[in-house]
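Accompanying notes for the structure given below.
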Amino acid sequence: QVQLVESGGGSVQAGGSLSLSCAASGYTYSSYYMGWFRQAPGKEREGVAVIYPGGGVTYYADSVKGRFTISRDNAKNTLYLQMNSLKPEDTAMYYCAAAAYVPYDGKRCLQGRYYNYWGQGTQVTVSS
């Protein structure tokens with residue numbers, strides 16, 4: 001069965017850093033677009049970052065651009081999100097997701113509708 005398991009969440013002070021990982025299994029990981037999404041209580045789900053199957057193309061939400069870095073290791077079936085200069089508004093549940101195909105570049109590739117598989121989420125809390 002398809003499984004995506006996030007790890008690395010926790011509590012951090014504003015300005016600090018945190019690294020998230022997503023271990024994938026049950027599908028051809030290297031053929032899928034992979035993304036990170038987040039959702040805070042009472043707010044809409046937000047696409048954070050996406051990385052193309054080969055890892056050479058990435059896109060970021062404006063809110064995290066320059067602070068977050070998405071990467072993948074296809075040999076390990078693992079997705080990563082390095083988060084630096086964290087802000088309280090980054091507080092959310094973070095999810096990794098997999099898409100067989102994403103039809104658009106840029107911001108539109110961050111829409112959750114394109115993603116087939118989802119992890120259970122890991123909580124990130126940023127305090128001042």
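The values are calculated or read from the model by the stated rules, or taken from the named source; none is laboratory data. The model shown is predicted, which means the values in this text are computed figures rather than measured ones. Here the Cβ positions follow ideal geometry from the backbone for every residue, glycine too, while neighbour counts run over all protein chains shown. Quick note on the areas: whole protein, heavy atoms, side chains included, nothing else; ligands and nucleic acids left out. Shrake-Rupley method; radii C 1.70, N 1.55, O 1.52, S 1.80 Å.
Within the stretch 116-125, the set of residues being part of a strand (DSSP E or B), open to solvent by 10 Å² or more (accessible area, probe 1.4 Å) and either under 16 Å from VAL57 (Cα atoms) or not aromatic (Phe, Trp, Tyr) (or both) comprises THR122, GLN123, THR125.
Across the stretch 64-75, what is the number of residues that are open to solvent by 40 Å² or more (accessible area, probe 1.4 Å) and without any contact (Cβ under 8 Å) to a residue 40 or more places away in the chain?
6
The set of residues in the stretch 55-72 that are touching a Gly at 6+ places or on another chain (Cβ under 9 Å) and not in a strand (DSSP E or B) contains only ALA61.
Does GLU46 satisfy the criteria of being open to solvent by 20 Å² or more (accessible area, probe 1.4 Å), charged (D, E, K, R) and under 12 Å from the mean Cα position of the chain (by Cα)? Yes. Scanning the stretch 76-88 for residues that are part of a loop (DSSP other than H, G, I, E, B) and surrounded by fewer than 19 Cβ atoms within 10 Å (Cβ to Cβ) yields LYS76, ASN77, ASN84, SER85, LYS87. If you go through the stretch 87-104 and keep only what is among the hydroxyl-bearing types (Ser, Thr, Tyr), without any contact (Cβ under 8 Å) to a residue 60 or more places away in the chain and more than 14 Å from LEU18 (Cβ to Cβ), you end up with just TYR104. For the stretch 89-115, filtered to residues that are aromatic (Phe, Trp, Tyr), open to solvent by 50 Å² or more (accessible area, probe 1.4 Å) and in a loop (DSSP other than H, G, I, E, B), the residue that is modelled with the highest pLDDT is TYR101.
Per this entry, ALA61 is not counted among residues that are surrounded by 14 or more Cβ atoms within 10 Å (Cβ to Cβ), within 25 Å of SER25 (Cβ to Cβ), in contact (Cβ under 8 Å) with a residue 40 or more places away in the chain and of a type in the set (Gly, Ala, Ser).
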